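Notes to accompany the following structure.
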Amino acid sequence: MTKYGILLVGHGSRLEYNKQLITTTAAMMKEKRPESIIKSCFLEYSSPTVTEGLESMRDENIDVLAIVPLFLAKGIHILRDIPGLLGLDAGEKTGHFFLKSGKEIPLVYAEPIGVDPLLAELMLNNADAALRNLGREKPDEEKP
């Protein structure tokens, strides 16, 4: 059975809540995939950094490593900065990763969230919550 490693990459922030958002998401992912090694790291301002996250994965007994950015869209960080830290050229999605044991495993770089129906649903949930804060019902619950 293949043992997967997943490294969730957040932007990072000086605000603690933003770090908690990434680490909590990684913990929720781990609950759904307990057989996988799932960790989080950050591009800027927070730790562990992407480099530190990669280094921590070198100690794990995994057969493949997926780098998953928790970003909405492709920007300079997704297209250039993160691939550079992974040893990938711009546009490349696959590479190699070496564990401390000397084993070479595949590395795959996932897409950012992008356009997704789940994102639309989340934004509607946020709008509904904001409307409830005003004491209003959701638009589809309004009475004529």
Inter-residue pairs, beta-carbon under 6 Å, first of a type in the set (D, E, K, R) and in the range 18-35, second not in a helix (DSSP H, G or I), 6+ apart: Lys19/Ser46; Lys30/Ile38
Looking at the range 8-62, which of its residues are among the small types (Gly, Ala, Ser) and either more than 14 Å from the chain's Cα centre (by Cα) or not in a strand (DSSP E or B) (or both)? Gly12, Ser13, Ala26, Ala27, Ser36, Ser46, Ser47, Gly53, Ser56
Can you give me the number of residues within the range 98-120 that are hydrophobic (A, V, I, L, M, F, W, C) and in a loop (DSSP other than H, G, I, E, B)? 4
For the range 88-132, which residues satisfy the criterion of being under 17 Å from Val68 (Cβ atoms), small (Gly, Ala, Ser) and free of Cβ contacts under 8 Å to residues at least 24 places away in the same chain? Gly95
Report yes if Leu72 is in contact (Cβ under 8 Å) with a residue 12 or more places away in the chain and surrounded by 15 or more Cβ atoms within 10 Å (Cβ to Cβ), otherwise no. no
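Where a number appears in this text, it was derived from the coordinates with a stated rule and is not lab data. Keep in mind the model is a prediction, meaning the values are calculated, not measured. So basically every Cβ, Gly included, is an ideal-geometry build from the backbone, and we count neighbours across all protein chains shown.
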